[in-house]
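Below is one structure; the comments refer to it alone.
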Amino acid sequence: MIAIGDNLALGSVGRGGGIRAGSNVNNSSAFSDGDHNTKWIATGTGTWEDEGFYFEWDLGTVYWLDRMIIQYGHPWGRPSVGEFVVSTSAGASVGGLTIDRVRSNFDYQQLTLVDAKPSPVRFIYDLMFPPRKVRHIFYHNTDPTVEDAWVWYMMLEYALYGEGYVAEVEMMSDFIDLGGTSSVRRLTWDAGLPPGTYVEIR
């Protein structure tokens with residue numbers, strides 16, 4: 001159960017998720033730890049694929065999300081973010097090639113494209129949207145332009161919010177010894193879950 005105000009980013013790596021970043025890989029999970037003293041850094045003038053201005057985030061399970069808060073910083077002044085794109089997927093795979101060579105084959109749907117260039121430059125972006133099922137998040141900058149030829153920022157925090165029950169979850173039981181060959185005809189389970197919940201057993 002997700003309570004109002006729970007930051008789902010915290011502990012996502014420990015819950016079976018992971019973050020794959022294109023640059024500054026040693027700090028790739030720094031924006032998900034709730035510590036403003038750690039940060040993921042993006043800097044360069046090339047394309048977002050070549051410079052690694054992207055990350056792919058697996059939350060470990062599927063949640064209903066309706067809000068993301070991204071906090072940027074810069075050691076000497078205003079962050080130069082340019083534009084950034086956020087896409088999400090519940091985890092369904094797609095066949096064939098993706099539109100770029102760095103994104104995994106999930107059915108990503110674009111959530112937003114944010115123009116972070118207008119003055120005054122903002123440090124915090126509060127993205128609110130209708131609830132959607134999310135397990136994977138793909139973030140990337142757009143390519144630098146002639147007017148904004150340099151991307152240089154620190155991502156201090158990337159918080160995720162929703163409420164209610166998780167949308168989907170995978171669980172693995174210990175080995176169950178039936179003591180020999182048996183025919184299982186019925187299984188029962190007991191849990192406090194919303195109407196319409198079902199279980200698939202493999």
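The numbers here are math on the coordinates, done by the rules we state, and not lab data. Everything numeric here is computed off the predicted structure, so don't read it as measured data. Glycine also receives a Cβ, built like all others from the backbone with ideal geometry; neighbour counts cover every protein chain displayed.
Here is how the numbers come out for the structure above:
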quantity: Net charge dipole size for region 18-161 [Lys, Arg +1 and Asp, Glu -1 on Cβ; Debye, nearest 20]; calculated: 300 debye
quantity: Computed over region 18-161, Kirkwood Rh from alpha-carbon pairs, angstrom; calculated: 15.5 Å
quantity: Sorted by Cβ density within 10 Å, fewest first, the residues HIS36, HIS136, HIS74; calculated: HIS36, HIS74, HIS136
quantity: Region 46-97 - Debye-derived log10 I(q)/I(0), Cα point model, q = 0.13, 0.23, 0.29, 0.32 Å⁻¹; calculated: -0.52, -1.20, -1.33, -1.37
